[in-house]
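To start, I am sharing the structure in question, which I have written as structure tokens.
Bear in mind these aren't lab numbers, they're just calculated from the coordinates by the rules spelled out. Remember, predicted model here, so these are calculated numbers, not experimental data. All Cβ positions, glycine included, derive from the backbone under ideal geometry; neighbour counts span all protein chains shown.
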Amino acid sequence: MFKTYLRLLGFARPIEKYAIPYFFYSLLYAVFNSLTFVLIVPIMNTMFDPDYTFERVTELPPVEFNTEYLTTFFNFMYSQVYAEYDRQKVLIMLALFTIFISFLSNLFRYLGAWTVESMRARTLQRMRDDMFSRVMDMHVGYFSDQQKGDIISRITADVNVVQFCITNTLLVAFREPFLIIGYIAMMIMLSWELSIFSVLFLPLVALLIGSIVKRLRHPARTNQQRLGEMVSTLDESLAGVKVIKSYNATDYVKKTFFNINKDVAELTLSMARRQQLASPMSEFLGISAVGVVLVFGGILVGNGSLDPGSFIAFVAIFSQITRPVRHFVDQFANINQGIAAGERIFELIDARPAIGDKADAKQFEGLKQSIEFRDVHFSYDGQREVIDGVSFEVKRGQTVALVGPSGGGKSTLSELIPRFYDPQDGSILIDGKPLSTYTLESLRTHMSIVAQETVLFNDTIEGNLRMGKPNATHEEIVAAARIANAHDFIEQAPEGYNTNIGDRGSKLSGGQRQRLSIARAVLKNPEILILDEATSALDTESEKLVQEALNKLLKGRTSVVIAHRLSTIQGADKIIVVSEGKIAEEGTHEELVAKGGIYAHLIEMQSFA
């Protein structure tokens with residue numbers, strides 16, 4: 001737990017930038033705030049003490065820690081301004097002095113709060129930057145095992161909880177302790193007898209409230225996990241709303257969401273019940289203690305051991321001291337919740353990407369000879385092999401098609417080339433060197449992937465295409481769109497290339513989205529192209545336009561094409577039939593048809609479809 005807390009503090013680096021000024025602001029705030037209450041003494045004595053007499057002071061005596069020195073200091077200040085005593089003038093000066101002290105107290109309180117807010121904002125920024133960076137660096141397989149909503153919840157909700165854990169450290173370390181010390185010091189100055197009782201009382205309050213706070217950590221972590229599940233359900237429901245409605249599954253989805261939401265509400269109430277109990281408990285104990293102080297203090301006033309002004313000032317301070325004590329304990333509650341959220345955050349940060357660059361990885365300059373699979377074995381879960389001893393070669397400029405039954409391993413093979421995954425056994429070579437000898441960034445710079453599931457963003461058409469080449473000119477973008485047969489429909493859009501396409505390209509048809517994906521690949525102008533069933537989800541008219549665009553894109557490139565519709569790959573240089581993770585057949589279209597095997601059977605099946 002403490003180790004997690006120290007790691008969380010690392011996000012506030014350099015913490016001394018905030019801690020040092022906050023230390024002085026808190027100290028000065030505590031001093032002036034305490035003085036505000038002590039000023040009650042001279043005000044009460046001036047107004048209500050019939051035996052009060054003003055004594056002129058022309059020279060200040062040595063500093064002493066008692067109410068007599070405070071009175072002497074005030075008389076000195078008054079003597080510097082006025083030549084003779086006047087009760088009304090004394091009260092006016094006391095009022096101005098009180099206002100000035102209050103102004104300084106609140107000024108330093110504001111400066112301290114601003115320091116904390118600056119620390120909070122920068123900490124939040126750094127945490128989200130680090131977490132998002134970490135997520136984007138993870139290998140593709142990581143996201144297969146995680147709920148997207150849970151990741152979103154950690155970057156948003158959990159980070160919000162953790163930021164208060166970090167910034168409350170300053171409150172716990174400085175402001176509240178300084179206030180408590182300041183109040184106790186002033187109480188001792190007013191009456192050491194009454195102060196003894198107070199010092200014994202405060203630890204009792206802290207222990208009682210602390211026992212409640214201690215129980216918050218486990219429900220806090222559970223609550224954050226359930227919040228992640230709720231965000232996941234929400235995300236999936238919004239993304240699949242058409243499917244949900246088409247299956248009349250609205251009630252089923254609602255029930256799932258309602259159940260999770262109910263758990264979150266009950267956990268929140270459970271936490272709130274414990275946390276909110278601290279405040280009324282401390283207030284009740286505080287009022288009870290004030291009652292005892294009133295009785296004990298009244299006896300001291302009655303026997304002349306304490307003057308009425310000091311007694312009222314003491315009661316005022318004592319009634320306030322439970323507030324910083326309560327806040328002090330509340331901050332520990334927030335820190336406790338923050339640590340629980342921090343553990344979830346570090347689970348994400350500490351998840352090591354399975355794929356990374358080696359220290360001696362070199363820049364990939366471009367394909368010169370071929371891509372070669374040598375006895376490649378791969379499994380997602382370390383048990384059932386999806387790829388089982390596959391070997392083949394794609395020479396520079398060739399188009400190699402992967403076909404075969406669904407689930408045979410075609411897409412997995414294509415995902416090994418850009419190193420979304422690494423094989424467990426065997427190797428993939430480019431120009432005779434393993435993929436791992438090149439940096440991931442330089443390797444992927446020379447590749448483009450056009451998949452069945454088109455990934456577009458809530459941006460303009462031009463903004464989406466520019467992802468392929470950030471520094472592209474508008475003319476280059478238009479040229480790429482023409483090659484992809486996308487220019488005409490873009491021109492007809494409300495704002496042309498500046499038209500926003502909505503969330504995930506929802507304002508476009510499937511064919512239009514796919515052609516934008518192809519245009520993006522054209523703009524990047526890759527040497528190696530991977531097409532993963534890029535036309536299988538399209539209607540006949542859209543498929544024709546997309547296939548024409550793909551044919552243009554394939555020219556002169558080294559390509560690996562996964563095809564569902566076999567008519568689109570009959571001109572490939574080589575066709576590889578993949579079945580149950582192995583190569584079942586290999587050859588040209590004509591050779592495989594003549595062979596009368598799996599490929600010929602698939603052709604026959606599609607001819608009847």
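May I ask you to list the residues of the stretch 142-186 whose amide nitrogen lies under 20 Å from a point 7 Å from Cα along the Cα→beta-carbon direction of Val290?
Under 20 Å, as judged by backbone N against the label point of Val290, lie 179-186 of the stretch 142-186.
Let me ask something else about it. Taking a label point 7 Å from the Cα of Arg384 along the Cα→Cβ vector, which residues of the stretch 408-449 have an amide N closer than 17 Å to it?
Residues passing the 17 Å test: 408-413.
Counting every Cα pair in the stretch 92-156, what percent are over 13 Å apart? Write out the running numbers ahead of the final one.
On the way: 1550 of 2080 pairs.
Within the stretch 92-156, distances greater than 13 Å cover 75 percent of Cα pairs.
Follow-up. Short version: ³J(HN,Hα) in whole Hz for each residue of the stretch 498-510, in order, from phi by Karplus 6.51 cos²θ - 1.76 cosθ + 1.60 (θ = phi - 60°), x for Gly and Pro, what are they?
8, 6, 6, 9, x, 5, 6, x, 5, 7, 10, 7, x
Figure the gain on full extension for Ala316 and Ala83 (residue separation times 0.36 nm, minus the Cα-Cα span) and round it to one decimal in nm.
Working: separation 233, 0.36 × 233 = 83.88 nm, distance 3.30 nm.
Stretched fully, the Ala316-Ala83 segment lengthens by 80.6 nm.
Sorted from largest down, what three extents in whole angstroms do the Cα atoms of the stretch 355-420 have along their principal axes?
35, 31, 17
A follow-up question, please. If the viscosity is 0.890 mPa s and the temperature 25 °C, what translational diffusion coefficient in µm²/s does Stokes-Einstein give for the stretch 76-122 when Rh comes from Kirkwood over Cα pairs? Could the numbers behind the result be given before it?
Numbers: Rh = 13.1 Å.
It comes out at roughly 188 µm²/s.
So, one more: Quick one: what are the phi-derived ³J(HN,Hα) couplings along the stretch 10-24, Karplus 6.51/-1.76/1.60 with θ = phi - 60°, whole Hz, x for glycine and proline?
Computed from phi, the couplings for the stretch 10-24 are x, 5, 8, 5, x, 5, 5, 4, 9, 5, 5, x, 5, 4, 6 Hz.
Sticking with this one: Taking a virtual spin label 7 Å from the Cα of Asn471 along the C-beta vector, which residues in the stretch 491-524 bring their backbone nitrogen under 20 Å of it?
In the stretch 491-524, the label zone of Asn471 (backbone N under 20 Å from the point 7 Å along Cα→Cβ) covers 520-524.
Now, a different point. Between Thr156 and Asp573, take the C-beta separation as r, use R0 = 60 Å, and let me know the FRET efficiency to the nearest 0.05. All intermediate terms of the calculation are to be shown ahead of the outcome.
On the way: r = 49 Å, r/R0 = 0.81.
Efficiency, rounded to the nearest 0.05: 0.80.
Peptides 545-557, 355-367: what's the order by average Cβ count within 10 Å, highest mean first?
Working: 545-557: 17.7, 355-367: 13.4.
Answer by packing, highest mean first, reads 545-557, 355-367.
Please find the FRET efficiency linking Glu236 to Glu453, where r is the Cβ-Cβ separation and R0 is fixed at 22 Å, and quote it to the nearest 0.05.
On the way: r = 15 Å, r/R0 = 0.69.
Once rounded, the FRET efficiency stands at 0.90.
Pop a pseudo-label 7 angstrom from the Cα along the beta-carbon direction at both Ala479 and Asp360 and give the gap in nm to one decimal.
It works out to 4.1 nm between the two label points.
Still on this structure, I have one more. Mind scanning Lys433/Lys582; Lys358/Lys410; Lys362/Lys433; Lys395/Lys544; Lys368/Lys552; Lys507/Lys544 and naming the pairs with a C-alpha gap bigger than 18 Å?
Working: Lys433/Lys582 23 Å; Lys358/Lys410 27 Å; Lys362/Lys433 11 Å; Lys395/Lys544 28 Å; Lys368/Lys552 21 Å; Lys507/Lys544 21 Å.
Beyond 18 Å between Cα atoms: Lys433/Lys582; Lys358/Lys410; Lys395/Lys544; Lys368/Lys552; Lys507/Lys544.
Please list, in chain and number order, the residues 5+ apart from Asp425 or on another chain whose amide H is under 5 Å from its amide H, with Hs placed from the backbone.
His377
Calculate one ³J(HN,Hα) per residue across the stretch 148-159 by plugging θ = phi - 60° into the Karplus curve 6.51 cos²θ - 1.76 cosθ + 1.60, and present them in order as whole Hz with x for glycine and proline.
With the stated coefficients, the stretch 148-159 comes to 4, x, 5, 5, 4, 4, 5, 6, 9, 5, 5, 5 Hz.
Could you list which residues have their amide H under 5 Å from that of Ala401, counting only those 5 or more apart in sequence or on another chain, with H placed in the peptide plane?
Correct list: Val561, Lys574, Ile575, Ile576.
Provide the FRET efficiency to the nearest 0.05 for the Ala95-Thr72 pair, computing r from the beta carbons and using R0 = 25 Å.
Values: r = 19 Å, r/R0 = 0.78.
Once the sixth-power term is evaluated, E becomes 0.80.
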